Structures are given as C-alpha cells and as structure tokens.
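Encoded as structure tokens, the structure appears first; notes follow it.
The values are calculated or read from the model by the stated rules, or taken from the named source; none is laboratory data. The structure displayed is predicted, hence computed values, not measured ones. When we count neighbours, we look across all protein chains shown, and the Cβ atoms used for this are built from the backbone with ideal geometry, even at glycine. When the accessible area is computed, the model is the full protein with side chains, heavy atoms only, and any ligands, DNA or RNA have been set aside. Shrake-Rupley method; radii C 1.70, N 1.55, O 1.52, S 1.80 Å.
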Amino acid sequence: MSRTAKARWLIAVAVALCAVVGALVWWSKRDPAPYALRDTPEVHLTVRATTSTYPQAKEVAGEAELLLKVYVQRLRDGDAEDLADIGAPWYTGREAAARSLISTFGAQAGHPVEAVVADPVTPGLASVELRFKNESRQTLDLTRDNGVWWLAIGNGDPVKP
C-alpha cells in the first residue's frame with residue numbers, strides 16, 4: 001500500500017471514529033422525554049417532594065418536574081390534543097380526559113401552582129397533588145416507561161405499557 005493510500009485510509013478511519021464518538025455523545029446527552037416546554041405560555045410551577053424519610057419522593061420530583069411543567073402549560077393553553085400527547089401512549093380516551101381537565105382546571109393554570117410529589121408506592125408510579133391559587137386541588141397519577149414519565153389520563157393500566 002502506498003503512503004498516499006495509507007494516509008487516506010487513516011484519515012477515513014479517524015473521521016469515522018469521530019462521527020461515532022460524536023453520535024454516542026449526542027445520544028447520551030439527549031432528553032428521553034418526547035415532550036418539551038414551550039416558550040409560551042409562561043408557567044409558574046413549584047415542584048417539591050412531600051416530607052419523607054425516604055429519598056424516592058425527591059427523586060421522582062426531580063425526574064417528573066418537566067412533565068408537570070408541560071402539563072400546567074398545556075392546561076393553561078387549553079389545547080386538548082396537545083395535553084393528550086403527554087398522556088401515557090398506551091392509554092385510550094386521552095383527548096376526552098384532557099378536555100375535561102382543561103374545563104375543570106384550565107383557568108387556574110395561569111396562576112402560581114405548587115406540585116407536591118408523594119412517596120411512590122411502587123417504582124414507576126407516582127402521585128402528585130397540584131395546589132392552585134384558588135385553593136382547589138388536583139391529584140395526578142404518573143406512570144413511567146423506559147425512563148420517561150407520562151400522565152395517567154384516560155383509560156389504561158398504569159403498569160402495562
């Protein structure tokens with residue numbers, strides 16, 4: 001093999017290696033959640049774990065914070081289809097359930113909301129109490145699949161994705 005051919009081969013291997021390393025870094029840094037917070041409307045949500053001697057509530061509060069913020073934002077926005085999209089994909093009737101949630105709690109979502117995450121009874125399931133400014137409260141059930149938290153809205157089995 002000539003020097004020129006060997007140099008081209010080494011350059012090709014180096015470029016391929018850089019591409020693979022770059023793809024692995026990108027893959028490890030990506031957020032596994034298929035939903036994201038939008039720029040508007042603004043969300044005023046405080047998430048905290050219930051007072052507990054167990055660390056699981058704090059862990060779930062940190063992991064589910066994005067979902068809860070997205071929920072309050074979609075609730076405030078009033079689009080049932082967008083709200084249904086953060087419901088567990090294996091549930092049915094998500095859009096009808098989302099319309100009901102918007103009707104009941106949508107007006108309160110524009111004010112500061114506090115989310116209190118309870119101690120999880122089992123891994124992958126969580127309960128969150130939302131406390132709205134007008135003193136109304138809502139309990140949300142969350143379910144997790146492959147590291148992603150979802151709302152348990154509609155009809156389905158939370159442990160059977």
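Once you order the gyration tensor axes a ≥ b ≥ c over the Cα atoms, which shape class does the range 111-161 get: rounded for a/c under 1.5, otherwise prolate or oblate by comparing a/b with b/c? Because a/c hits 1.5 or more and a/b exceeds b/c, the range 111-161 counts as prolate.
Between the exposed loop cleavage positions of the chain, defined as trypsin sites (Lys or Arg not before Pro) in a non-H, G, I, E, B DSSP state with at most 14 neighbouring beta-carbon atoms within 10 angstrom, the longest gap is 39-132. Share of pairwise Cα-Cα distances greater than 23 Å in the chain is 46 percent (whole percent). Against the main long axis of the alpha-carbon atoms of the chain, helix 94-105 sits at an angle near 50°.
Along the charge dipole of the chain, pointing to its positive end and built from +1/-1 on Cβ of Lys, Arg, Asp and Glu, which listed residue (101, 47, 134) has its Cα farthest out? Result: 47. Springs between Cα atoms under 10 Å define the GNM used for the chain, and in it the highest mean-square fluctuation of 64, 97, 107 occurs at 107.
Can you tell me the accessible area per residue over the chain, all protein chains present, probe 1.4 angstrom, in square angstrom?
Value returned for the chain: 61 Å² of accessible area per residue.
Per 0.36 nm of contour for each residue apart, how much would the distance between residue 40 and residue 79 grow if the chain were fully extended, relative to their Cα-Cα spacing? Going from the current span to full extension adds 12.7 nm. Only helical runs count toward this figure. For the chain, summing -39,500 (n - 2.57) over DSSP H runs of n ≥ 4 and dividing by all residues gives -13500 deg cm²/dmol at 222 nm. The apolar share of the surface of the chain, taken as the fraction of accessible area on carbon and sulfur atoms (1.4 Å probe, ligands and nucleic acids excluded), comes to 54 percent.
For the chain, modelled as a GNM whose springs connect Cα atoms under 10 angstrom apart, the maximal fluctuation among 84, 36, 49 occurs at 36. The equivalent ellipsoid of the range 66-149 has semi-axes of 20, 17, 10 Å, largest first, where each one is the square root of 5 times an eigenvalue of the Cα gyration tensor.
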